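J.: Before I ask anything, let me first share the structure, which is written out below as structure tokens.
The values are calculated or read from the model by the stated rules, or taken from the named source; none is laboratory data. What you are looking at is a predicted structure, and each value in this text was computed from that prediction instead of being measured. Quick reminder, even Gly has a Cβ in these numbers, built from the backbone with ideal geometry, and neighbours come from all protein chains shown. The area values use the complete protein model at the heavy-atom level, side chains included, leaving out ligands, DNA and RNA. Shrake-Rupley method; radii C 1.70, N 1.55, O 1.52, S 1.80 Å.
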Amino acid sequence: MSTWLAIALGDPVLRWALYVIAALAVVTLATMVQVLVLSELGARRLQRREAFEALWRPRLAETTLHDQAAPWPAPRNSEQLWFLLLWCRTQRKVRGRAHARLNRLLIDYRLHHTAVDLLQRRQIHLRLAALAVLRQVGGPESWAGVERFVSHRNPFLALAAAEVLVTLDPHRAMAEVLPAMARRRDWTPQRVAALCQLAGRTAVSPPLLAVLRAAGPEQAPRLAVLAQWGDPALMAGWAREVLADPRDARLRQAGVQVLGDLRDADDRPRMLAATLDPDPDVRLAALKALRKQAEPADAATLHTLLCDTSWAVRQEAGDAIAAQPGLDRAALDDMLEQVDDRYGRDALRRAIEERHP
């Protein structure tokens, strides 16, 4: 034994230091071995998956072309998740009979039951994969298993579950999804709007109207942006009510958009009044609505809006004037000379050049 080692082992402090160094060396070596082993296993798994997809991608493509029973053996248990993910990616690219053929292949392999089983797993990515499959092949029997995830704390999982419910039964789904949005602040209106578009106006309108009328002052503005996906005839009463409410500009903007889609001549005074609203977004919405039913008598209103403080309103006013029937290039040029505001002139000049080059 070397002298320094004997001294170190004889001193209690140095002895414990040597033990710590030895322990750290063992842990470091074990960590390096673990990293190398996991890297090798990951590389081999990736190779197996690439080989699997190289084998099944053309098979799925062939399935979309022919009505036939599955001529290949079902994927092994260890490959079923890979198959479901590849199947979902293929489904997003096809329509019609090709879509139905892929569904039949999945059912022949009884992998739709595998998707239902994946819903019971705790991993979020497995549940998302299961919902992606059930969105394509789910039936009424899938409702109860999917419905419970609409209230899940993970917003992505909850929205995926809501999308599946919409594909299963739009009317029943909207009656649950819209009240859920009123309670949840982690659902963006854009994502819910996509669900409304998928469900259709017939399914959206009654529950949306009920939710809007029951919403509190904090919830109503978030929900109001969805009003455009409802039936204007059904939403018109609510829209006229909120136009008279000065508390929130987003409600008034939504009301103007609904009445603009309805195109009822009785609402023209409301549209004209909304062009004087203090909020520029409401004025812009009113101008767009008015443009859909503009009359020659509205020329003065449009001319006034060329001097608006909002750039977007000025541009829309210029487009509305240039698009009016019966006005040729000479008449528009005369009108351009009468605009005092230089920014308004720029807006109208641009619109004239685009409409009458």
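J.: Among all residue pairs at least 6 apart or on different chains, which show Cβ distances below 8 Å where the first residue, located in the stretch 64-84, is within 21 Å of ALA98 (Cβ to Cβ) and the second is open to solvent by 40 Å² or more (accessible area, probe 1.4 Å) and part of a loop (DSSP other than H, G, I, E, B)?
T.: Between residues of the stretch 64-84 that are within 21 Å of ALA98 (Cβ to Cβ) and residues that are open to solvent by 40 Å² or more (accessible area, probe 1.4 Å) and part of a loop (DSSP other than H, G, I, E, B), the close pairs are ALA74/ARG110.
J.: Restrict the check to the stretch 317-324 and report whether at least one residue is open to solvent by 10 Å² or more (accessible area, probe 1.4 Å), assigned to a loop (DSSP other than H, G, I, E, B) and either of a type in the set (Phe, Trp, Tyr) or modelled with pLDDT under 90 (or both). It would help to see each step written out before you state the result.
T.: Of the stretch 317-324, the ones open to solvent by 10 Å² or more (accessible area, probe 1.4 Å) are 319, 323-324.
Next, from what is left, pick out any that are assigned to a loop (DSSP other than H, G, I, E, B): 323-324.
Adding the requirement that they be either of a type in the set (Phe, Trp, Tyr) or modelled with pLDDT under 90 (or both) leaves 323-324.
Yes, the stretch 317-324 has at least one match.
J.: Which one of LEU327, LEU332 is buried (at least 16 other Cβ atoms within 10 Å of the Cβ) and in a helix (DSSP H, G or I)? Give the steps one after another, and end with the answer.
T.: Details: LEU327 fails: in a helix (DSSP H, G or I).
Result of the check over LEU327, LEU332: LEU332.
J.: Hey, can you tell me all the residues within the stretch 249-266 that are within 23 Å of TRP187 (Cβ to Cβ) and either of a type in the set (Gly, Ala, Ser) or open to solvent by 30 Å² or more (accessible area, probe 1.4 Å) (or both)?
T.: Residues satisfying the conditions are ALA249, ARG250, GLN253, ALA254, GLY255, GLN257.
J.: Look through PRO280, PRO269, PRO246 and report the one residue that is within 27 Å of the chain's Cα centre (by Cα), open to solvent by 30 Å² or more (accessible area, probe 1.4 Å) and of a type outside the set (Gly, Ala, Ser).
T.: PRO280
J.: Ok, one more. If the requirement is being touching a residue at least 24 places away in the same chain (Cβ under 8 Å), exposed (fewer than 15 other Cβ atoms within 10 Å of the Cβ) and of a type in the set (S, T, N, Q), which of these qualifies: THR309, THR301? Outline the logic, then answer.
T.: On the way: THR301 fails: exposed (fewer than 15 other Cβ atoms within 10 Å of the Cβ).
Only one candidate qualifies: THR309.
J.: A further question follows. Which residue pairs have Cβ atoms closer than 6 Å, lie 6 or more positions apart in sequence or on different chains, and pair a first residue in the stretch 146-165 that is within 14 Å of ARG183 (Cα to Cα) with a second residue that is basic (Lys, Arg) and open to solvent by 10 Å² or more (accessible area, probe 1.4 Å)?
T.: LEU159/ARG191
J.: Count, please, the residues in the stretch 223-244 that happen to be in contact (Cβ under 8 Å) with a residue 24 or more places away in the chain and in a loop (DSSP other than H, G, I, E, B). Give the steps one after another, and end with the answer.
T.: So the first thing to find is which residues in the stretch 223-244 are in contact (Cβ under 8 Å) with a residue 24 or more places away in the chain, and the list is 223-236, 238, 240, 243.
From what's left, in a loop (DSSP other than H, G, I, E, B): 230-231.
Residues flagged as in contact (Cβ under 8 Å) with a residue 24 or more places away in the chain and in a loop (DSSP other than H, G, I, E, B) within the stretch 223-244 amount to 2.
J.: Could I ask something else about it? Among the residues of the stretch 201-218, write down those that are surrounded by fewer than 17 Cβ atoms within 10 Å (Cβ to Cβ), within 19 Å of HIS171 (Cβ to Cβ) and of a type outside the set (A, V, I, L, M).
T.: THR202, PRO206, ARG213
J.: Here are some residues: ARG270, ARG247. Which one is in a loop (DSSP other than H, G, I, E, B), farther than 17 Å from LEU178 by Cα and out of contact with any strand residue (DSSP E or B) (no Cβ under 9 Å at 6 or more places or on another chain)?
T.: On the way: ARG270 fails: in a loop (DSSP other than H, G, I, E, B).
Sole residue among the options that is in a loop (DSSP other than H, G, I, E, B), farther than 17 Å from LEU178 by Cα and out of contact with any strand residue (DSSP E or B) (no Cβ under 9 Å at 6 or more places or on another chain): ARG247.
J.: Could you look through the stretch 153-184, keep only residues that are charged (D, E, K, R) and either under 12 Å from the mean Cα position of the chain (by Cα) or more than 18 Å from SER205 (Cα to Cα) (or both), and pick out the one that is most open to solvent (accessible area, probe 1.4 Å)? Talk me through it step by step, then tell me what you get.
T.: Initial filter on the stretch 153-184 (charged (D, E, K, R)): 153, 163, 169, 172, 176, 183-184.
Those left that are additionally either under 12 Å from the mean Cα position of the chain (by Cα) or more than 18 Å from SER205 (Cα to Cα) (or both): 153, 163, 183-184.
Working: ARG153: 201, GLU163: 58, ARG183: 169, ARG184: 31 Å².
Ranking the qualifying residues of the stretch 153-184, first place goes to ARG153.
J.: Looking at the structure I just gave you, is ARG127 in contact with a Leu (Cβ under 8 Å, 6 or more places away or on another chain) and of a type in the set (D, E, K, R)? First the steps, then the outcome.
T.: Working: in contact with a Leu (Cβ under 8 Å, 6 or more places away or on another chain): yes; of a type in the set (D, E, K, R): yes.
For ARG127, the condition - in contact with a Leu (Cβ under 8 Å, 6 or more places away or on another chain) and of a type in the set (D, E, K, R) - is met.
J.: Then there's this: Does at least one position in the stretch 232-240 carry a residue that is open to solvent by 20 Å² or more (accessible area, probe 1.4 Å), modelled with pLDDT of 90 or more and within 20 Å of PRO189 (Cβ to Cβ)? Outline the logic, then answer.
T.: Of all residues in the stretch 232-240, those open to solvent by 20 Å² or more (accessible area, probe 1.4 Å) come to 233-234, 237, 240.
So of that shortlist, the ones also modelled with pLDDT of 90 or more come out as 233-234, 237, 240.
Still in the list and also within 20 Å of PRO189 (Cβ to Cβ): 234.
Among the residues of the stretch 232-240, at least one is open to solvent by 20 Å² or more (accessible area, probe 1.4 Å), modelled with pLDDT of 90 or more and within 20 Å of PRO189 (Cβ to Cβ), which makes the answer yes.
J.: Identify the single condition in (1) open to solvent by 60 Å² or more (accessible area, probe 1.4 Å); (2) assigned to a loop (DSSP other than H, G, I, E, B) that TRP187 does not satisfy, given that it satisfies every other one.
T.: Status for TRP187: all satisfied but (1).
J.: Okay, moving on. Please verify whether LEU223 is modelled with pLDDT under 90 and within 20 Å of THR202 (Cβ to Cβ), treating the condition exactly as stated.
T.: Yes, satisfied.
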